[in-house]
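Read through the structure below, which is laid out as C-alpha cells, and then see the notes.
Just so you know, all these numbers are worked out from the coordinates, no wet-lab data involved. Here the structure is a predicted model, which is why all the values come from computation and not from measurement. Positions of Cβ are backbone-derived with ideal geometry, glycine not excepted, and every protein chain shown enters the neighbour counts.
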Amino acid sequence: MDRPVELLALAVSVARSASDLARRMRADGVAAVATKSTATDVVTAADRAVERHVRERLHEARPGDAVLGEEYGGERDRAPVRWILDPIDGTVNYLYDLPQYAVSLAAEVDGVVVAGVVRNAATGREWTATRGGGAFAGDRRLAVSGETDLAQALVGTGFGYAAQRRLHQARVLAGLIGHIRDIRRFGAASIDLCMVAEGTLDAYYEKGLNPWDHAAGGLVAAEAGALVTGLDGAPPGPDMVIAAPPGLHPALHDRLSELDAAGGP
Ligand code: LIP
C-alpha cells in the first residue's frame, strides 16, 4: 500500500477535508492566536486545527507513518513513509482573507518525495503529482512554460518574517528586477511552485523555506518539467529554492548566485 498513486489518493482525500475545515473556520472569522519566529510570523487556530485534523486522518489510515508538520513538528528522522504537511501555507493571506492559501501534503518514501497535493482552500484549485507519473491540475497534465529569455520571464518570489532577511531579499530583488519581465509576490510558496508547473509563472525562487513549504509543490513543478534546485549544486532547501524550466534555469540561477541570494541573514 506504499505505491505513489495510493499515497496520492489518500493525500488528496485528506487535503480536501482539511481544506473544507480551513474554509469553514475562515468564514467564522480568523484571529492570530500566537506568533512564532517574529512578531509578523503568526499562527491561527485554524493552522493548528487543520494540522490536527490531517494527523488524525493519516493516523487512522496509516498508523505506522511519520508526520512532519509546520505547527506540531514531528519526526525529522526517516520513517519508511513520512508525510510532510503545511496545514495552511500562506497564513498571512489567510489572516487577511486573500484567497491564496493552501493545504500542502507530500508523501516521502525512504527519504524521497513520491506523491504530493497542493489544494487552494479558498478556490478549490488542486495540483497533484507522483514521481515519474507527471503533474496535473484536475485531469489536465501540466507542463512548464517554454520561456528561455530571462528578460521576458515573469518570476515569483517571497520574503521572510525577519526584517533583516527581508532587507537582504530586497537587495537581491533590486539586482534582479532589471533583468526580468516582472516579479510576482503571491504569498504561498506551495502555490507559487504549482504556478511554475502550469506556466502561469515562468520561474520562482525564495530563500528561507521549510520542507513543508516546498515538498509537495516542488514535486508538482519537477514533474511538469521544471528544474527544482538550490544554488551552486545544492538541493532545494532553506538557503534557496529555485524552480524554472531547463531553458531558463541557468540564467536565473547564475544571476541569483552573483547576487548572493542564498546568503545573508
Ligand atoms: C509562507 C511561504 C511564503 C513565504 C512566507 C511564509 P507560511 O509560509 O509560503 O512563500 O514568503 O514568508 O514562509 O508561513 O504561510 O506557511
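Based on Cα positions only, what radius of gyration and what Dmax would you give for segment 96-157, in angstroms?
Using the Cα atoms of segment 96-157, the pair Rg, Dmax is 14.4, 40 Å.
If packing is taken as the average count of other Cβ atoms within 10 Å, what order do 176-182, 246-252 fall into, highest mean first?
Descending mean neighbour count gives 246-252, 176-182.
By its C-alpha gyration tensor, with a ≥ b ≥ c as the square roots of the eigenvalues, how is segment 62-112 shaped: rounded for a/c under 1.5, else prolate for a/b larger than b/c, else oblate?
It is prolate, given that a/c is not under 1.5 and a/b is the larger ratio.
Using alpha carbon centroids, what distance separates segment 210-264 and segment 185-201, in Å?
13 Å
Can you work out the PRE-style zone for D254? Point 7 Å along Cα to Cβ, and I want the residues of segment 204-231 with backbone N under 17 Å.
231
Highest first, please rank the peptides 20-29, 187-196 by the mean number of other Cβ atoms sitting within 10 Å of their residues.
187-196, 20-29
Taking N as the number of residues in segment 166-265, what is its alpha-carbon radius of gyration divided by 2.2 N^0.38 Å?
Relative to the 2.2 N^0.38 Å estimate, segment 166-265 comes out at 0.96.
What value, in deg cm²/dmol to 500, does the helix sum -39500 (n - 2.57) over DSSP H runs of n ≥ 4 give at 222 nm once divided by the residues of the chain?
Computed mean residue ellipticity for the chain: -11000 deg cm²/dmol.
By how many nm would the segment from A174 to A234 lengthen if fully extended, with 0.36 nm per residue of separation less the alpha-carbon distance?
Answer, rounded to one decimal: 19.2 nm.
Sort K207, K36 so that the residue with the fewest other Cβ atoms within 10 Å of its own Cβ comes first and the one with the most comes last.
The fewest-first ordering by Cβ neighbours comes to K36, K207.
Considering only C-alpha atoms, what is the centroid distance from segment 38-88 to segment 121-162, in Å?
For segment 38-88 versus segment 121-162, the Cα centre distance is 23 Å.
Given 4 °C and 1.567 mPa s, how large is the Stokes-Einstein diffusion coefficient of the chain in µm²/s, with Rh as the Kirkwood radius over Cα pairs?
71 µm²/s
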